[in-house]
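Notes follow once the structure below has been shown.
Each value in this text was obtained by applying a stated rule to the coordinates, not by laboratory testing. If you're wondering where the values come from, they're calculated on a predicted model, not measured in any experiment. All Cβ positions, even for glycine, are placed from backbone atoms using ideal geometry, and neighbour counts span all protein chains on display.
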Amino acid sequence: MYRPEKVQAYLTSISESRSPVEDALKRNIFKYGLWLLGIPAIIYGAIDRGVAAFSGPVFDVTDVSYCLIGLVILLGWVCIGLAEDHSDGTILKAAQSIDSAIAPASEYIAQQTYRLPFPYLCQVYHLLNVQHLEDIHRFSLGNLKVVKVSDFQATQEGGKIRFETMLDSPFNVLRMWRNPVVEVELTIHSPHQIELKVPTYGQKFIRVLFNVLPLNDKEHHLSIQLFSNLAWPKELLKAILIVASSLTLLEDLPYLNHLARRNYDRLFSQTSEKRRSSQAMQLFHRYADLYNGSWKYRQMQLLDN
Ligand SMILES: [Fe+2]
C-alpha cells in the first residue's frame, strides 16, 4: 500500500547531509583497510616470483630480484605503516593525565578523537549499556552474545562490572584473538573515563579507554585510546584496531542519535524496581548515583577552562 509518510521519511533521510564524523570514520576504514589488504597482496607477489624463479630449468635472476624487491617493500610497508590523523587537533587533557596510571605507555597503540553532535550523557549511557554490544554491534562483533553478568564492584570513583561473552559462530573473525567464551571487564575510572578490557590468548589484553568530555549541551569530545600487550607488529595491530573501532563507532552513530532524541534525563532517574530487573545496567546506575546531580556543574567547569 502506498504510504506517503514513509516515502517522505526516506527522501528526507537520503537528502540529509552526512556528518563529518561519519565521513572521517569511513575514511579511516578505507585507508587502514587498504593498507591491511596491501600486506597479503605483496606477500602473494613475492611468493609468486620466488616460485617462478626456481620452477624453470634455468635459475631466473630477474624473478629472484622481483621477489627480493617485494620482500623489501613488505618490510617498509609494515614498519612505516600509516601516520595517525590528528586533523581534529584536540588533545584531551583528562586523557593525557589518566592513561599512564591505568595502562603503561609501552602498551599504547593508537588514539582517535572525534567531536560528536550528541549530549555527553548519551555517550555515557551507551558505553555503560552492556546489552548494546549484542544489539547494535551485531555486524562488527559477529553476533557476539552477552551470556551473563558475573561480578559487580562499586568503587569510590565508579565501579567495575565483569560479564561473560560468547562467540557462537566458528567463523567469527574475533577468534583470531580470543577464546569463544571470555569475561570482559568494564570499568568507570572517573566521570569522564571508561575502560573496556578484553582478554586475548595467552594472558594478554586489549584495553580501550573512552574519554568523554562535554563541550556544550549538544556536543561532546570522544577520545578512544587503544592499548595492548599482544606481541604483534605494532603497526599491524594499530591498523586492525583502528578499523575495528571506526566500524563500531559508525554503528553507534544511529544509536546515539536515537538516545539524543529521547528524554535522557529520565534514564538517570529510574525506579528501584526497574534497576533490580536490569543487571546489565548496574554500572550505569552506579554512575547515575555518583554523578547525576553534578554533571551540569562539571560541564560548566570544563567549558570555563
Ligand atoms: Fe557501541
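Residues whose amide H falls under 5 Å from that of Asn229, counting only those 5 or more places apart or on a different chain, are Phe205, with hydrogens built in the peptide plane. Phi angles across the range 53-62 convert, under the Karplus curve 6.51 cos²θ - 1.76 cosθ + 1.60 with θ = phi - 60°, into 3J(HN,Hα) values of 5, 9, 7, x, x, 10, 5, 9, 5, 4 Hz, Gly and Pro given as x.
Projected label points at Val51 and Arg138, each 7 Å from Cα along the beta carbon direction, are separated by 4.0 nanometres. Per-residue 3J(HN,Hα) values for the range 22-36, derived from phi via the Karplus relation 6.51 cos²θ - 1.76 cosθ + 1.60 with θ = phi - 60°, read 4, 5, 4, 5, 5, 5, 4, 4, 5, 5, 6, x, 5, 4, 5 Hz in sequence order (x marks Gly and Pro).
Placing pseudo-labels 7 Å out from each Cα toward the beta carbon at Ile80 and Ala231 gives an inter-label distance of 2.9 nm. The charge dipole of the range 90-220, taken about its Cα centre with unit charges on the Cβ atoms of Lys, Arg (+1), Asp and Glu (-1) only, comes to about 220 debye. Remark: the range 166-173, residue by residue, has Karplus-estimated 3J(HN,Hα) of 9, 9, 8, 9, x, 9, 5, 5 Hz, where x stands for each Gly or Pro and the curve is 6.51 cos²θ - 1.76 cosθ + 1.60 at θ = phi - 60°.
Close amide H pairs (under 5 Å, H built 1.01 Å from N) link Lys148 with Glu164, residues at least 5 positions away or on another chain. Were the residues from His258 through Ala105 laid out at 0.36 nm apart, the gain over their Cα-Cα distance would be 51.5 nm. Taking amide hydrogens as placed 1.01 Å from N in the peptide plane, the amide H of Ile136 sits under 5 Å from that of no residue at least 5 positions away in sequence or on another chain. Where the alpha-carbon atoms of the range 16-80 are placed on the principal axes, they occupy 64, 22, 13 Å, in descending order.
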